[in-house]
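Remarks on the structure that follows.
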Amino acid sequence: MFDLYRPGTSFLHRAPAGGKVLALFVLGTLAFIVDDIRLIFAGLALTLLLYPVCGLTLKNAWAQIRPTLWILIAIFIAQAIFNTWQLGVFVIARFGLLLLLAGLLTLTTRASDMIDGIERGLPFLRPLGVNPAKVSLALSLALRFIPVLAQITREVREAQRVRGLENSVIALAIPLFVRTLRMSDDIADAIEARGYRP
Amino acid sequence: MIELTDVSVSYNDKVVLSEVSLRLTERRIGVIGSNGSGKSTFARLLNGLLLPDRGTVTVDGLDTKTKAKEVRQKVGFVFQNPDYQIVFPLVEEDIAFGMKNLGFDKATIAAKTEEALKRYDLWDHRTHAAQFLSGGQKQLLAISGVLVMEPSYIVFDEPTTLLDLRNKLTVTGAIRELEQTAIVVTHDLDLIADFDRVIVFADNRVMADDVPEVAIGKYRKAMGDV
């Protein structure tokens with residue numbers, strides 16, 4: 001989901017961002033309603049076919065799945081033990097389809113276009129007190145700062161290793177939490193300094 | 001002109017800036033001082049990121065307390081860590097962010113983005129993820145993101161602290177070439193050696209305010225570097 005835009009001229013690159021987000025929402029919901037494994041595999045095959053059609057490689061597709069591979073394997077094992085292995089295959093095929101669809105969206109859509117699309121599509125949430133501009137900025141910040149957070153995590157882990165705290169979750173979590181809070185203050189200042197008014 | 005009149009700031013009852021009155025009229029102004037001396041607080045006052053508890057800060061006559069949006073357009077701010085200043089994933093998207101906030105039209109945004117990217121040799125990286133730029137390129141991107149907002153003044157908060165020598169030289173060169181008034185908070189005394197004016201903060205007050213050789217001399221003496 002967090003892979004970034006690859007420039008291109010395919011029909012998906014040219015399609016409006018709001019429409020792509022809506023399509024992802026609909027197809028993602030369908031993937032969880034449909035209980036015929038053949039349809040899920042057909043969806044997987046079609047989605048994989050779209051990658052080269054959009055000028056992307058199967059390596060790009062694999063990059064969408066790879067970070068969650070261990071989670072998918074754990075889900076498969078749990079399903080195989082407590083239900084059936086066929087159900088395990090079905091569940092991970094569903095998740096895989098969702099990840100590949102989400103990857104297609106982020107690889108063919110600039111974050112700014114996606115955010116504009118989401119902002120235009122969410123005004124109906126205003127009466128509920130939800131500000132679409134804030135939602136879309138939050139999404140952009142998530143895309144931007146996940147790699148930064150990963151870098152901070154690596155730095156904290158290295159600092160703790162030096163002190164002999166190799167396997168302590170608390171020793172990692174507390175400084176990470178503190179640094180993230182400090183970073184969020186700086187980011188808020190930076191956004192404000194660049195004239196942001198939601 | 002930026003003018004501070006009898007400005008004081010406190011955090012949790014601790015005074016971090018006390019009774020500062022300054023008129024900033026020179027084109028290149030350096031701000032130095034030990035850690036915790038109040039210089040970063042001073043920098044944040046200049047574009048209204050921080051409001052004074054007492055006194056007033058005005059930018060070309062606009063009070064930072066009442067004219068925040070106008071002041072933000074007049075005074076750009078470049079932070080120490082560009083990683084926290086770049087808020088969009090792609091290089092060209094990030095440059096456009098400030099202009100969108102100020103209501104620039106699409107054609108202007110596209111033209112100014114291109115101009116800024118070419119100015120700092122970032123054009124080939126325009127559709128790349130900002131996270132893969134070098135430290136110097138990130139700082140140049142942060143400066144570009146501010147420049148396109150057409151500020152009259154740019155405040156830099158320790159812009160070279162996190163950079164290696166090559167990147168430091170690139171960013172220093174970029175600051176020197178700016179047409180705008182630059183107010184640079186720094187520990188790098190070489191960076192401000194040829195500036196028009198240097199203000200030294202100590203114990204939350206202005207300790208010295210003079211031409212660089214005099215002000216830096218007083219700072220070195222106060223730090224025991226003589």
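The values are calculated or read from the model by the stated rules, or taken from the named source; none is laboratory data. Predicted model only: the values in this text are computed from it and were never measured. Neighbour counts are summed over all protein chains in view; Cβ atoms, including those assigned to glycine, are modelled from backbone coordinates with ideal geometry. Heads up: the accessible areas ignore ligands, DNA and RNA and are worked out on the full protein's heavy atoms, side chains in. Shrake-Rupley method; radii C 1.70, N 1.55, O 1.52, S 1.80 Å.
Brief remarks on what is shown
- Cross-chain or 6+ apart pairs with Cβ under 6 Å, the stretch B:127-149 first and within 12 Å of chain A (Cβ to nearest Cβ) and over 15 Å from B:Lys112 (Cα atoms), then open to solvent by 10 Å² or more (accessible area, probe 1.4 Å) and not in a helix (DSSP H, G or I): B:Thr127/A:Pro7; B:Ala129/A:Leu4
- Subset of the stretch A:156-196 (residues that are under 30 Å from B:Phe156 (Cα atoms) and away from every other protein chain (no Cβ under 12 Å)): A:Val156, A:Ala159, A:Pro175, A:Leu176, A:Phe177, A:Val178, A:Leu181
- Sole exception among (1) under 20 Å from B:Val198 (Cα atoms); (2) touching a Lys or Arg at 6+ places or on another chain (Cβ under 9 Å); (3) at pLDDT 90 or above; (4) β-branched (Val, Ile, Thr) for B:Val146, by number: (1)
- Among residues of the stretch A:54-77 that are free of Cβ contacts under 8 Å to residues at least 60 places away in the same chain and of a type in the set (Ser, Thr, Tyr), those with a Cβ under 9 angstrom from a residue that is open to solvent by 30 Å² or more (accessible area, probe 1.4 Å) and part of a helix (DSSP H, G or I), sequence gap 6+ or separate chain, pair up as A:Thr68/A:Phe95; A:Thr68/A:Leu99.
- Qualifying residue in the stretch B:52-71 (condition: farther than 29 Å from A:Pro147 by Cα, touching a Phe, Trp or Tyr at 6+ places or on another chain (Cβ under 6 Å) and assigned to a strand (DSSP E or B)): no
- Subset of the stretch B:88-123 that is modelled with pLDDT under 90 and of a type in the set (A, V, I, L, M) - its residue that is farthest from the chain's Cα centre (by Cα): B:Leu90
- Selected residue (criterion: nearest to B:His128 (Cα to Cα)) from residues of the stretch B:100-116 that are away from every other protein chain (no Cβ under 14 Å) and among the hydrophobic types (A, V, I, L, M, F, W, C): B:Ala111
- The residue pairs whose first member lies in the stretch B:33-49 and is within 11 Å of another protein chain (Cβ to nearest Cβ) and within 17 Å of B:Arg72 (Cβ to Cβ), whose second member is open to solvent by less than 10 Å² (accessible area, probe 1.4 Å) and among the aromatic types (Phe, Trp, Tyr), and whose beta carbons are closer than 6 Å, counting only pairs six or more residues apart or on different chains, are B:Asn47/B:Phe77.
- Qualifying positions in the stretch B:24-42 - aliphatic (A, V, I, L, M) and closer than 20 Å to B:Met223 by Cα: B:Val31, B:Ile32
- One residue stands out in the stretch A:8-29 among those that are over 18 Å from the mean Cα position of the chain (by Cα) and open to solvent by 80 Å² or more (accessible area, probe 1.4 Å): the one that is nearest to B:Thr127 (Cα to Cα), namely A:Thr9.
- Enumeration of residues in the stretch B:74-99 that are open to solvent by 20 Å² or more (accessible area, probe 1.4 Å), at the interface with chain A (Cβ under 8 Å from one of its Cβ atoms) and in a helix (DSSP H, G or I): B:Asp83, B:Tyr84
- When the stretch B:1-32 is limited to residues that are free of Cβ contacts under 8 Å to residues at least 12 places away in the same chain and charged (D, E, K, R), the one that is farthest from B:His187 (Cα to Cα) turns out to be B:Asp13.
- Verdict on A:Thr108 being among the polar types (S, T, N, Q) and modelled with pLDDT of 95 or more: no
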